[in-house]
1. Applying the selection to segment 15-48, what residues are on the phi > 0 side of the Ramachandran plot and either touching a Phe, Trp or Tyr at 6+ places or on another chain (Cβ under 9 Å) or surrounded by 10 or more Cβ atoms within 10 Å (Cβ to Cβ) (or both)?
2. Filtering segment 91-112 down to residues that are of a type outside the set (Gly, Ala, Ser) and surrounded by fewer than 17 Cβ atoms within 10 Å (Cβ to Cβ), which residue is farthest from residue 35 (Cα to Cα)?
3. Exactly one of these conditions fails for residue 133: (1) assigned to a helix (DSSP H, G or I); (2) within 22 Å of residue 23 (Cβ to Cβ); (3) of a type outside the set (Lys, Arg). Give me its number.
4. Would you confirm whether or not segment 54-69 contains a residue that is among the hydroxyl-bearing types (Ser, Thr, Tyr) and either free of Cβ contacts under 8 Å to residues at least 40 places away in the same chain or out of contact with any helix residue (DSSP H, G or I) (no Cβ under 8 Å at 6 or more places or on another chain) (or both)?
5. Run down 112, 73, 100 and say which single residue is at pLDDT below 90 and either assigned to a helix (DSSP H, G or I) or out of contact with any Pro (no Cβ under 8 Å at 6 or more places or on another chain) (or both).
6. Which of the residues that make up segment 17-64 are over 15 Å from the mean Cα position of the chain (by Cα), in a helix (DSSP H, G or I), over 23 Å from residue 117 (Cα atoms) and of a type outside the set (A, V, I, L, M)?
7. Within segment 114-150, how many residues turn out to be hydrophobic (A, V, I, L, M, F, W, C) and either free of Cβ contacts under 8 Å to residues at least 24 places away in the same chain or farther than 17 Å from residue 64 by Cα (or both)?
8. Using the structure shown, decide if residue 103 is over 23 Å from residue 147 (Cα atoms), in contact with a helix residue (DSSP H, G or I) (Cβ under 7 Å, 6 or more places away or on another chain) and touching a residue at least 24 places away in the same chain (Cβ under 8 Å).
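The values are calculated or read from the model by the stated rules, or taken from the named source; none is laboratory data. Given the structure is predicted, the values throughout are model-derived calculations rather than measurements. Cβ coordinates were reconstructed from backbone atoms using ideal geometry, including for glycine residues, and neighbour counts include every protein chain displayed.
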Amino acid sequence: MLVVGGYLFVHGGGVSLATTAAPLPLERSLARMALHASIGNAADEKDPLPFDDANMVSGVELYKEHCAVCHGTLGKPPTSISKGMFPPPPQLLEKEGMATDDSEGEIHWKVTNGIRLSGMPGFVSTLSDTQRWQLTMLVAHADKLSPAAQAAFGH
């Protein structure tokens, strides 16, 4: 009965997939729980690259090409693309959107695998592991960009 009722509810339009629709009850909690379970032990991984300007600047260049349209860039307002997404992508270079609380392993997992139904693509087949770790480094340390990384952003 429950399955049939759920089917009829969804089939009848009870679950809107519009990005402007309000979240379903428990949607955020279930999504966080599923993401945490998916990341698993990958959260314990550490960035194998040296933390230096060369890797940070490479991370900036990759970020500008692959991430900025959704996650924003230094000193610029969110794009119309990011404003139209649900859930809204964090503005990773703004204080309130920084992922500096996430471990390097969590960030790398998200860059590598993406996040279903969020608009976040996985880059496992389009960026090398080194490039994904360079992006991870940039995002994990966005609160302390070196002058070289800031210059690469044009600041």
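1. Taking segment 15-48 and keeping what is on the phi > 0 side of the Ramachandran plot, we get 26, 40.
Hit for segment 15-48 is 40, nothing else.
2. 95
3. (2)
4. no
5. 100
6. Once the filter is applied, which keeps residues that are over 15 Å from the mean Cα position of the chain (by Cα), in a helix (DSSP H, G or I), over 23 Å from residue 117 (Cα atoms) and of a type outside the set (A, V, I, L, M), segment 17-64 yields 44, 53, 55, 58, 61.
7. Going through segment 114-150 one residue at a time, the tally reaches 3.
8. yes
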